[in-house]
Structures are given as C-alpha cells and as structure tokens.
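*Asks:* Right, I'll just put the structure down here and ask away after.
Where a number appears in this text, it was derived from the coordinates with a stated rule and is not lab data. Predicted, not measured: the structure shown is a model, and the values here were computed from it. Glycine gets a Cβ as well: all are built from the backbone with ideal geometry, and neighbour counts include every protein chain shown.
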C-alpha cells in the first residue's frame, strides 16, 4: 500500500525500462538542474512537465 497522498500506477515493463535507462544515464544532471532525487521524483517530474505543456495548448 502506498504512503498517504500517493497512488500506485501500473505501467508496461518496457516503458519503465526505457524511462529508468534515461534516468540512470542522466540522474546527475536531473538532480543538479531540476532537483530530481529519485526515480519516483523523475516520473512525477515527467508527468508534471507534460501536464503543464498540455495546459498551454
């Protein structure tokens, strides 16, 4: 069960692997530039960025 304020999301394994690969290759830059400190932070960052972009459409 996830912590209070969090939800579980099911994603395809291939999607997770591709995102994790990108995260692992770029995590130092992500932490320095965007304060992304974990894979979970990265997933939230990606979704937040997407939603902000969509709101401007």
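*Asks:* Among the listed residues 47, 51, 43, identify the single one that is in contact with a helix residue (DSSP H, G or I) (Cβ under 8 Å, 6 or more places away or on another chain) and under 23 Å from residue 5 (Cβ atoms).
*Replies:* It is 43.
Yes or no, residue by residue, for (1) assigned to a loop (DSSP other than H, G, I, E, B); (2) surrounded by fewer than 11 Cβ atoms within 10 Å (Cβ to Cβ):
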position: 5; (1), (2): yes, yes
position: 15; (1), (2): no, yes
position: 37; (1), (2): yes, no
position: 57; (1), (2): yes, yes
